[in-house]
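> Below you will find the structure I want to go over with you.
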Amino acid sequence: MRVLHIPEGGLPMINLCRSLRLQGIDATACHFYANRYQFESDICLNLQDIPKHKRLEKIQKFFKKAIEDYDVFHFHFGGTFFPDKRDLETLHKAGKKMVVHHRGSDARILSVAKEKNPYVRVKNEWTEERIRENLTKLSSYVDHAIALDYEIETYVKDYYKHTHVIPHIIDIHKLKPNYPTIKQNPLVVHAPTKRNLKGTEFVLDAVQKLKNEGMSFEFKLIEGLNHAETMKLLSEADLVIDQLRIGAAGYLTTEAMALGKPVICYIREDLVSKYPEEFPVVNANPANIADVLKDLLHTPAQWKALGVQGRAYVKKYHSATNVIHQYIDVYKKL
């Protein structure tokens with residue numbers, strides 16, 4: 001079985017492909033564009049280096065070769081080879097197997113999300129009309145979809161015949177734990193990819209409020225760095241604050257837990273029970289982040305315990321050993 005992963009999937013995509021290869025599946029991660037986080041891929045078309053009017057020609061050439069070389073096409077973030085999805089019909093006629101992997105903004109329908117989450121925001125370019133049109137086109141040719149978590153499943157389950165909730169894979173061996181210790185001036189970090197989506201304004205307000213109250217801690221906002229640089233700073237942190245708007249634990253939460261850090265993140269109330277009992281994330285939302293952070297800062301004795309629990313959680317639920325066969329099972333069902 002030869003599997004092609006496109007067009008963009010960040011670090012999770014290369015981790016997934018490497019894990020599949022260890023199981024004897026010939027999986028290739030292909031990015032169309034280089035990215036600012038310097039995420040790795042097996043193939044990169046580097047379309048950013050080509051004049052816009054010539055990019056389509058390069059994609060078409062790659063598409064023609066891909067049909068010859070691959071059996072399964074694993075699409076990430078709702079993308080395929082072409083924006084209008086005309087490749088789906090060609091792949092279907094060629095008897096190729098396909099699966100769509102939804103991870104976030106490509107599926108988060110604002111009107112549906114707001115029914116459960118008053119804090120949610122979406123990327124402006126991913127309008128509700130665009131998402132629904134995209135899901136309709138994809139599900140016309142693709143029967144199986146993978147959702148990153150149960151929050152994403154909310155939006156896609158009514159479109160596809162089969163929806164599978166499978167956690168992303170973390171290469172835990174590359175993230176060495178650095179558990180926090182009790183100290184006078186602990187370091188709190190927040191690393192948003194997009195401030196508005198992550199609720200960064202509420203984090204900054206909470207930090208300022210606690211500083212004004214005389215609490216002693218350092219705060220660092222991590223932005224504009226590549227992945228390796230971000231991981232280095234996360235490893236130095238004592239406490240990590242992830243998103244406060246989306247309502248589910250993201251990739252950064254998992255990485256921070258793998259590094260042995262206590263993590264504050266907003267988990268939607270109706271989704272809390274969907275997580276395993278040992279899920280150690282400290283739940284906070286924009287309305288109570290200052291109080292939650294204050295309480296955590298005042299209880300340093302539990303920091304290492306939360307870090308150890310987080311590391312164990314990631315190993316159990318996000319390591320390739322325990323996750324990869326769920327992906328392989330989906331491929332067998334296509």
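> If you find the alpha carbon centre of segment 140-188 and of segment 246-293, how far apart are they in angstrom?
A separation of 12 Å, based on Cα centres.
> Could I ask something else about it? How would GLU201, GLU129, GLU213 rank on accessible area, largest to smallest, probe 1.4 Å? Before the final figure, lay out the partial values.
On the way: GLU201 65, GLU129 145, GLU213 90 Å².
If we order GLU201, GLU129, GLU213 from most to least accessible, we get GLU129, GLU213, GLU201.
> Going by the alpha-carbon gyration tensor, a ≥ b ≥ c the square roots of its eigenvalues, is segment 189-252 rounded (a/c under 1.5) or, if a/c is not under 1.5, prolate (a/b greater than b/c) versus oblate?
Verdict is oblate for segment 189-252.
> Let me ask you something else. Shape verdict for segment 1-64, please, from the Cα gyration tensor: rounded (a/c under 1.5), prolate (a/b greater than b/c) or oblate.
Working: a/c = 3.85, a/b = 1.60, b/c = 2.41.
Oblate, since a/c reaches 1.5 and b/c is not below a/b.
> Still on this model: Put GLU68, GLU125 in order of accessible area, largest first, 1.4 Å probe: what do you get? If you can, show how the numbers build up before the last one.
Working: GLU68 135, GLU125 100 Å².
Correct descending sequence by accessible area is GLU68, GLU125.
> Ok, one more. Apply the Karplus curve 6.51 cos²θ - 1.76 cosθ + 1.60, θ = phi - 60°, to the phi angles in segment 315-329 and return the couplings in whole Hz, x for Gly and Pro.
Ordered by residue, 3J(HN,Hα) equals 4, 6, 10, 10, 7, 4, 4, 9, 10, 4, 5, 5, 5, 4, 4 Hz.
> Antiparallel versus total DSSP beta bridges in the chain: what percent is that, nearest 5?
0
> Any idea what the relative contact order of segment 17-106 is, in percent, if you count C-alpha pairs under 8 Å spaced at least 6 apart?
The normalised contact order for segment 17-106 reaches 20 percent.
> On a C-alpha basis, how far is the centre of segment 1-70 from the centre of segment 299-334 in Å? Whole number, if you could?
The two parts, judged by their Cα centres, are 26 Å apart.
> Over the chain, what is the relative contact order in percent, taking alpha-carbon pairs closer than 8 angstrom and at least six residues apart?
On the way: 601 pairs, mean separation 53.6, N = 334.
Worked out over the chain, it gives 16 percent.
> Using the Karplus equation 6.51 cos²θ - 1.76 cosθ + 1.60 (θ = phi - 60°), what ³J(HN,Hα) coupling, rounded to whole Hz, does each residue of segment 250-257 give in order, writing x for Gly and Pro?
Using θ = phi - 60°, the values come out as x, 4, 5, 4, 5, 5, 5, 5 Hz.
> Mind checking the per residue accessible area of the chain for me, 1.4 Å probe, whole number of Å²?
Solvent-accessible surface per residue comes out at 46 Å².
> A further question on this structure: Show me the ranking of peptides 214-225, 256-267, 295-306 by mean Cβ neighbours inside 10 Å, starting with the highest. Could you put the intermediate results ahead of the total?
Values: 214-225: 13.5, 256-267: 26.0, 295-306: 15.3.
Going by the mean number of other Cβ atoms within 10 Å, highest first, we get 256-267, 295-306, 214-225.
> Can you work out ³J(HN,Hα) from phi for every residue in segment 78-87, in order, using Karplus 6.51 cos²θ - 1.76 cosθ + 1.60 and θ = phi - 60°, giving whole Hz and x for Gly and Pro?
x, x, 10, 5, 10, x, 7, 6, 5, 5
The values are calculated or read from the model by the stated rules, or taken from the named source; none is laboratory data. Bear in mind that the values here come from a model prediction, so they are computed numbers and not experimental data. Glycine also receives a Cβ, built like all others from the backbone with ideal geometry; neighbour counts cover every protein chain displayed. Note: accessible area is taken over every heavy atom of the protein model, side chains too, but ligands, DNA and RNA are not part of it. Shrake-Rupley method; radii C 1.70, N 1.55, O 1.52, S 1.80 Å.
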